[in-house]
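Below is one structure, written out as C-alpha cells; comments come after it.
The values are calculated or read from the model by the stated rules, or taken from the named source; none is laboratory data. What you see is a predicted model, and the numbers here were worked out from it, not measured in a lab. Backbone-built Cβ (ideal geometry, glycine too); neighbour counts: all protein chains shown.
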Amino acid sequence: MIIDTHYHQIPAMPDEMIGALLSDITRALKIMNKKIDIDDLIEKAKASWGDPDGEKLIAGMDESGVDYTVICAIDTIEGGAITTEMAQLQNKMVADVARNNPDRVMALAGIDPRRENAVDMLCECFDDFGMRGVKYHPDFGFDPSGPESYKLLEVLESKGGILLSHTGPLHPPSRSKYAEPVLLSDIGVDFPDLKVIAAHMGYINWRPWAALATHQPNLFGDLAMWDVYAFGRYELFCRELRDLIDFAGVEKVLFGTDNPIFSIVRPTKDWIQLIKDLPEKAPAGIKFTNEEVDAILGGNAAKILGLT
C-alpha cells in the first residue's frame, strides 16, 4: 500500500499565485540540473494545480500507483487576502473531495490559529465537513506551540485529529524561525495523544526533528520535497536518509510528495520507484532493506491513520 501523506488540494489557482510558487520550482530544477523554461512551467501549473472536484488528484494517483492520499488546505491571515469565509469555503471544497472518495482520500483543514473563530472553524470542519485534522503553515508568522494554537490543538486532540505542520526553511516572505522543528517539542508534552506529522522533517534541518522524534512517540515526519535531492544529489539523499532512519527509527518516516506543486518537475511514479530501488541502488556502504521501504511508502502511515 502506497500512501501520500502530504498533498495540497487546490480548488483554484490564480495566475499571481502560480508566479509566487515558481521560485521553489526553479530552485528544484537547478538542483536536479534540469532545463528551466518558465513559460512551460506556467502552462503545466495552469493545467494541473487547480482541481476543484479532485478529478486530477484521483487520475494522478491512478497513474503513479498511489493507493491513498492525505489532502490539505492552507490558510493564513497575513495580508488579509483570505477571509474567514473564503478559508472555510476552501475547507469545504477540499473536504468534499475526500467525502466523494472515502476509500482513497483523507482531508485536513487549513486553519490559521490566529483567527478569532479558529476553534469554531475546526469544529465545523470535523462535525459538518468530515475532515480529520489540520494543516499548519507556521512560517506565515505564528508559533505552532503558541497560545492561539493551543486553543485549536486542545479541540484537535479531543477529536482524535492529526496535525500536519510545515517545518524547514523557505524563501522570503516565509518567516522560517516559526518552522523550526524544535517548536513542536512542547506539543509533545502538552498534547501527548495528538499525532503530529512534521512536514519535510525540517528538510535540510532534519537533525532537530530526528532528536525530537526519538523521544516523542507521536511525532512523525514526511519526505515531501526530499525528491529534489533524491534526483539531483542521489548519494547525499541516501546518506542523509540512512542517518535519519538510524537516529529516529524507520517507523517515524512517511512518504509524501507536496503534490501537485512538484509533480510538474518530476512524475510521482519516478519518486516512488526511486524509493523502491534503494535496496539495490543505494551507493556502496549505504544499505536499505525492503522492509524499510515498505514501511516508508505506506506501512507506517497506515498504522498512524488507522487504515487497513
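In segment 197-208, is there at least one residue being in a helix (DSSP H, G or I), among the β-branched types (Val, Ile, Thr) and under 29 Å from residue 11 (Cα atoms)? No, segment 197-208 contains no residue that is in a helix (DSSP H, G or I), among the β-branched types (Val, Ile, Thr) and under 29 Å from residue 11 (Cα atoms). Quick check on residue 12: is it touching a residue at least 24 places away in the same chain (Cβ under 8 Å), over 21 Å from residue 230 (Cα atoms), not β-branched (Val, Ile, Thr) and not in a helix (DSSP H, G or I)? Against the criterion (touching a residue at least 24 places away in the same chain (Cβ under 8 Å), over 21 Å from residue 230 (Cα atoms), not β-branched (Val, Ile, Thr) and not in a helix (DSSP H, G or I)), residue 12 qualifies. Only one of the numbered conditions (1) under 28 Å from residue 73 (Cα atoms); (2) surrounded by 14 or more Cβ atoms within 10 Å (Cβ to Cβ) is not met by residue 292, and that is (1). Just a yes or no: is a residue in segment 135-146 within 17 Å of residue 86 (Cβ to Cβ), crowded, with 21+ Cβ neighbours inside 10 Å and not basic (Lys, Arg)? Yes: segment 135-146 contains one or more residues that are within 17 Å of residue 86 (Cβ to Cβ), crowded, with 21+ Cβ neighbours inside 10 Å and not basic (Lys, Arg). Cβ separations smaller than 6 Å between residues 6+ apart or across chains give the following pairs from segment 227-249 residues that are closer than 19 Å to residue 300 by Cα to residues that are among the β-branched types (Val, Ile, Thr): 242/286; 248/214. Is there a residue being of a type outside the set (Lys, Arg) and either closer than 25 Å to residue 104 by Cβ or in a helix (DSSP H, G or I) (or both) anywhere in segment 281-288? No, there is no match, as no residue in segment 281-288 is of a type outside the set (Lys, Arg) and either closer than 25 Å to residue 104 by Cβ or in a helix (DSSP H, G or I) (or both).
Starting from residues that are of a type in the set (Gly, Ala, Ser) and assigned to a helix (DSSP H, G or I), keep the ones in segment 245-278 and report whichever is modelled with the highest pLDDT. I'd like the intermediate steps shown before the answer.
So in segment 245-278, the residues of a type in the set (Gly, Ala, Ser) come out as 248-249, 256, 263.
After this cut, where a residue has to be assigned to a helix (DSSP H, G or I) as well, the list is 248, 263.
Values: 248: 97, 263: 91.
Ranking the candidates gives 248 first.
Please work out if residue 60 is surrounded by fewer than 20 Cβ atoms within 10 Å (Cβ to Cβ) and either small (Gly, Ala, Ser) or part of a helix (DSSP H, G or I) (or both). In short, no.
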